[in-house]
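Since the structure comes first, as structure tokens, the remarks are kept for the end.
The values are calculated or read from the model by the stated rules, or taken from the named source; none is laboratory data. Everything numeric here is computed off the predicted structure, so don't read it as measured data. Here Cβ is always computed from backbone atoms with ideal geometry, including for glycine, and neighbour counts include all displayed protein chains. The accessibility values were calculated without ligands, DNA or RNA, using every heavy atom of the protein model including side chains. Shrake-Rupley method; radii C 1.70, N 1.55, O 1.52, S 1.80 Å.
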Amino acid sequence: MKKTLLFTAAAMIITLSSCGKKEASLSGAGATFPAPFYNIVFKEYAKTGSNVTYGAIGSGGGIRSLKDKTVDFGATDVFLSEAELKDMGTDIVHIPTALGGVVLSYNLKDVKDLKLTSEIISDIYLGKITNWNDTKIKELNPEINFPDKSIIPVYRSDGSGTTAVFSEYMSKVDQAWHETIGAGKSLKFPNGTKAVSAKGNPGVAGIIAETEGAIGYIGSEYALALNMPSALLRNSSGNFVAADSKSISASANVDIPADTRVVITNSSNPEAYPISTFTWIIAYKEQNYNKRTEDQSKALAGLLNYIISPEGQEIATKTHYAPLPAPAVEKTKAIIQSMTYGGKPLSVAQ
């Protein structure tokens, strides 16, 4: 419970001091998925750079906040679609900051190394499988003695990038899910299911940790940090894989486009964890807007460069995320260098 409360705090406003330095302060809002990483990396950056305030309110909230120009940057676990980019009204840059996985964490006493397939996950959320001793689950896990206990599926109540990544994968690999629930930042489940909702990754993790029989999707870093068990999922090669830095990184072994907007779920790599994703900071490419100063713009570029630096990526690893692959780092540097103030490139020491 104490550990859960620590991560619940990550969903609140994070304000970090720079030990009295009077530099342009920065504010951001968005995904709860990378909040444990951002909490630490922003704090470290503030020691020599700018103060950073971050509200972990969900990816949907972060995108809205950036559109409303109430923050310097947004954060999201799913890149903006072409329609969303058009709706923003001007050019947006995507800055990948780390990689993570979406895991199915569960609360079953003495049950370890649970194996799940997309079909079983779909049946649980569709209300077709309602008890842990269901035949389909037992046949996949013959070595486990399952209790005669109801399954309580948990999902996100807020507009969520974690939900978008999870549901995109499920829609891709399971026809019943695709036809009944679909993909998006917010989901509607069929009437009669026992699914319960919670706000943010910390909220879902909290319900799972406190409710025997519960299962839900959360960022892998929450499960690892809180020592919560999570299922091994069958990937596209038929292998059952746990989410860790190695298996998540294996998913990123793909061609990364110049704008870094890429989906890496259901990778063909036989060692890949199937529900993996980049997480992004998003910002306006032209920084001279809404009476922003050039110092604010340079401070933002400095922060972004720090996050993708070796020091920043080491923090990602220490907080249970997978670091960016080298090709992603190089393309991200070019994106940051393309940002402008009044049409002129921002000159920030690298």
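Output ³J(HN,Hα) for segment 107-114: one whole-Hz value per residue in order, computed from phi by the Karplus curve 6.51 cos²θ - 1.76 cosθ + 1.60 with θ = phi - 60°, and x for Gly and Pro.
These are the phi-based 3J(HN,Hα) values: 10, 9, 4, 6, 9, 10, 6, 5 Hz.
Taking a quarter of the surface of the convex hull around the Cα atoms of segment 107-174, what do you get in nm²?
Answer in nm², one decimal: 5.1.
Restricting to DSSP loop positions (anything but H, G, I, E, B) with no more than 16 other Cβ atoms inside 10 Å of their own Cβ, which GluC sites (Glu not before Pro) remain in segment 124-178?
GLU143
Based only on Cα atoms, what mean projected area does the convex hull of segment 225-306 have, in nm²?
Reported value for the Cα convex hull: 7.7 nm².
What translational diffusion coefficient, to the nearest whole µm²/s, does segment 155-262 have by Stokes-Einstein, given a Kirkwood radius computed over alpha-carbon pairs, a temperature of 10 °C and 1.306 mPa s viscosity?
So the translational diffusion coefficient is about 103 µm²/s.
If you put +1 on each Lys and Arg Cβ and -1 on each Asp and Glu Cβ, how big is the dipole of segment 241-350 around its Cα centre, in Debye rounded to 20?
340
Ignoring ligands, DNA and RNA, what percent of the accessible area of the chain is carbon or sulfur (1.4 Å)?
50
How would you classify segment 78-221 from its alpha-carbon gyration tensor, with a ≥ b ≥ c the square roots of the eigenvalues: rounded for a/c under 1.5, else prolate if a/b is greater than b/c, otherwise oblate?
Note, shape of segment 78-221 comes out prolate.
What value does segment 192-350 have for Rg/Rh, both radii from Cα atoms and Rh as Kirkwood defines it?
With Rh from the inverse mean 1/r over Cα pairs, Rg/Rh is 1.05.
Quick check: Cα centre of segment 110-131 to Cα centre of segment 21-87, how many Å?
34
Non-local amide H neighbours of ASN131 (under 5 Å, H modeled in plane, Pro and chain starts lacking H): which ones?
ILE151
Express in whole angstrom the spacing between the alpha-carbon centres of segment 141-178 and segment 239-279.
Distance between centres, Cα-based: 19 Å.
Run through the DSSP bridge list for the chain and note the antiparallel percent, rounded to the nearest 5.
60
Report the extension gain between ALA258 and GLU179 in nm, rounded to one decimal, defined as 0.36 nm multiplied by the number of residues separating them, less their alpha carbon distance.
Fully extending the segment from ALA258 to GLU179 adds 25.2 nm.
How high is the FRET efficiency between TYR289 and SER237 when r is their beta carbon distance and R₀ equals 30 Å, given to the nearest 0.05?
According to the calculation, E is roughly 0.05.
Within segment 20-107, how many Lys pairs sit with Cα atoms under 27 Å apart, leaving out pairs fewer than 8 places apart on the same chain?
11
Report the Cα-based extents of the chain along its three principal axes, largest first, to the nearest Å.
Largest first, the chain extends 63, 39, 36 Å along its Cα principal axes.
Go through 256-267, 49-60, 279-290 and give me the packing order, highest mean Cβ count within 10 Å leading.
Highest to lowest by the protection proxy: 49-60, 279-290, 256-267.
Got the relative contact order for the chain handy, in percent, Cα pairs under 8 Å and 6 or more residues apart?
That works out to 23 percent.
Using a 1.4 Å probe, what is the accessible area per residue for the chain, in Å²?
Heavy-atom accessible area per residue stands at 42 Å².
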